[in-house]
Structure formats: structure tokens, C-alpha cells
Amino acid sequence: MYEWDVFISYHRSSGAAGRWVNEFFQPLLQEMLSDRLPSRPRLYVDTAMPSGVAWPAHLKRALKRSRLMISVWSAPYTQSEWCWLELMSMKEREDLLAYCSETNPRALVHVVRFCDGEAFPSELHDRWAITDFHPYAYTSPAFRASAKYLDFEHAVGQLADEIVENLGHAPMFQVDFPLLGSSTSPPRPKPAYPML
């Protein structure tokens with residue numbers, strides 16, 4: 001049975017992306033979805049992980065028991081084994097259930113571009129619609145008082161509308177949803193620029 005509506009996948013230790021997700025994006029998305037759904041939306045972010053649990057097992061369980069994923073793209077995302085496995089596991093679920101196909105063009109993955117995006121293979125760019133949040137990739141508290149924050153609220157509201165629509169078309173839960181391991185997932189893409 002599902003425990004989460006949306007699993008938010010992001011590279012938490014890559015500069016500003018983790019702080020942006022936890023301080024700005026996830027709380028606002030939670031509010032926006034709360035106004036659009038009849039019951040409190042359940043968003044999984046790894047900062048909600050209780051202490052004293054085996055984090056790999058906890059992450060796998062949360063991913064398997066989530067209806068949809070938001071993948072927050074930043075340059076280090078594809079180089080993180082865990083982020084890549086999360087994304088490829090949900091892609092595998094889409095493939096298994098014929099999502100993102102001619103018969104069912106809906107997706108289970110919503111892509112949010114925090115920054116970059118060049119590190120991602122073109123077939124992923126072509127597969128999913130990408131919502132560009134790069135213009136709102138600020139982490140300063142002053143962001144909330146800026147005019148750009150109103151545009152950010154509008155963009156999160158539009159994303160919330162799309163998520164609500166796709167939640168209604170998510171598949172029935174299956175115990176055997178795929179979870180890929182490092183030996184079964186497609187290889188991570190090579191960096192689009194030289195590593196330092």
C-alpha cells in the first residue's frame with residue numbers, strides 16, 4: 001500500500017539545492033497541494049527520516065511506496081549513485097506499466113530543473129516535461145520578500161495542479177514495483193564537463 005503521494009529526489013549535499021528544496025520548495029508545495037487535495041498530502045523528503053533507521057532500506061521503502069516522484073535536477077544529481085537509482089527505479093516502473101507511451105502518455109516523474117540540466121541524457125529530456133525553476137533558485141531569506149517569490153508561488157501552484165492530475169492516474173500499488181541496484185540500473189551519464 002502507498003505511504004507517500006510524492007517522493008522528492010534531490011542531491012542534498014550539492015551546494016544550494018538541498019537547502020532550496022527543504023526551506024522553500026517542499027514547504028510551499030505542501031501548502032499548495034493541501035489546498036487542492038481532500039486530505040493532507042504526504043511528501044517524502046529524506047530529512048524526515050527518523051533517527052536509528054537503516055537509511056538505504058528506509059529510502060527504498062519510501063520510493064517503492066510513493067505514487068509519484070519529483071526529481072530536482074542539478075549538475076551533481078546524475079553523479080550521485082542514490083539519486084540516479086531513485087530516478088531509474090521510477091523510470092523502470094513507468095516502463096513496466098506502459099506510462100510515457102503512446103497508449104498512456106502520463107508520467108510518474110515530474111522534473112524540476114534547479115540548475116544545469118546539461119548533465120542529463122537527451123533521452124530523459126525528451127521523456128519528461130521539465131519545469132524550469134532555475135529563475136527561482138535562491139536560498140537567501142530575502143527571496144521571500146522579493147517580487148520573484150510571487151512568480152515562484154505561481155510556478156509551484158502550476159506544478160501542484162499537474163501533480164494532483166497525475167495522482168488521480170497513478171497505478172494501483174504493487175508489491176513488486178522495481179527497485180534497481182547499482183548492478184541493474186543503466187550506467188550514470190558521464191559529466192558534460194571535466195571533473196575537477
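The values are calculated or read from the model by the stated rules, or taken from the named source; none is laboratory data. The model shown is predicted, which means the values in this text are computed figures rather than measured ones. Here the Cβ positions follow ideal geometry from the backbone for every residue, glycine too, while neighbour counts run over all protein chains shown.
I'd like the residue in region 32-47 that is within 17 Å of the chain's Cα centre (by Cα) and surrounded by 13 or more Cβ atoms within 10 Å (Cβ to Cβ) and, out of all such residues, is modelled with the lowest pLDDT. Before the answer, list the steps.
Here is the first cut: in region 32-47, the ones within 17 Å of the chain's Cα centre (by Cα) are 32-33, 41-47.
Checking which are surrounded by 13 or more Cβ atoms within 10 Å (Cβ to Cβ) leaves us with 32-33, 41-46.
Working: MET32: 98, LEU33: 98, PRO41: 96, ARG42: 97, LEU43: 97, TYR44: 96, VAL45: 94, ASP46: 87.
Of everything passing the filter in region 32-47, ASP46 is modelled with the lowest pLDDT.
Per-residue answers, yes or no, for (1) among the aliphatic types (A, V, I, L, M); (2) surrounded by 14 or more Cβ atoms within 10 Å (Cβ to Cβ); (3) assigned to a helix (DSSP H, G or I); (4) modelled with pLDDT of 95 or more:
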residue: CYS83; (1), (2), (3), (4): no, yes, yes, no
residue: MET90; (1), (2), (3), (4): yes, yes, yes, yes
residue: GLU94; (1), (2), (3), (4): no, yes, yes, yes
residue: TYR99; (1), (2), (3), (4): no, yes, no, yes
residue: THR103; (1), (2), (3), (4): no, no, no, no
residue: VAL111; (1), (2), (3), (4): yes, yes, no, yes
residue: ASP116; (1), (2), (3), (4): no, yes, no, no
residue: ALA119; (1), (2), (3), (4): yes, yes, no, no
residue: LEU124; (1), (2), (3), (4): yes, yes, yes, no
Worksheet item: Given (1) out of contact with any Lys or Arg (no Cβ under 8 Å at 6 or more places or on another chain); (2) closer than 14 Å to VAL156 by Cα; (3) not hydroxyl-bearing (Ser, Thr, Tyr), where does VAL21 come up short, assuming only one miss?
Response: (1)
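Specify which of the listed residues (MET90, MET32, MET69) is farther than 21 Å from HIS154 by Cα and of a type outside the set (Phe, Trp, Tyr). Don't jump to the end; show me each part of the working.
Values: MET32 fails: farther than 21 Å from HIS154 by Cα; MET69 fails: farther than 21 Å from HIS154 by Cα.
It is MET90.
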Practice prompt. Go through region 1-28 and count every residue that is under 22 Å from ARG61 (Cβ atoms) and under 14 Å from the mean Cα position of the chain (by Cα).
Written response: 13
Discussion item. Can you tell me which residue is nearest to the chain's Cα centre (by Cα) among those in region 128-147 that are closer than 20 Å to LEU159 by Cα and in a helix (DSSP H, G or I)?
Written reply: HIS134
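Regarding region 45-54, can at least one residue be identified that is closer than 25 Å to GLU153 by Cβ and among the acidic types (Asp, Glu)? Before the answer, list the steps.
First, pick out the residues of region 45-54 that are closer than 25 Å to GLU153 by Cβ: 45-48.
With the extra rule that they be among the acidic types (Asp, Glu), the set shrinks to 46.
Checked region 45-54: at least one residue is closer than 25 Å to GLU153 by Cβ and among the acidic types (Asp, Glu).
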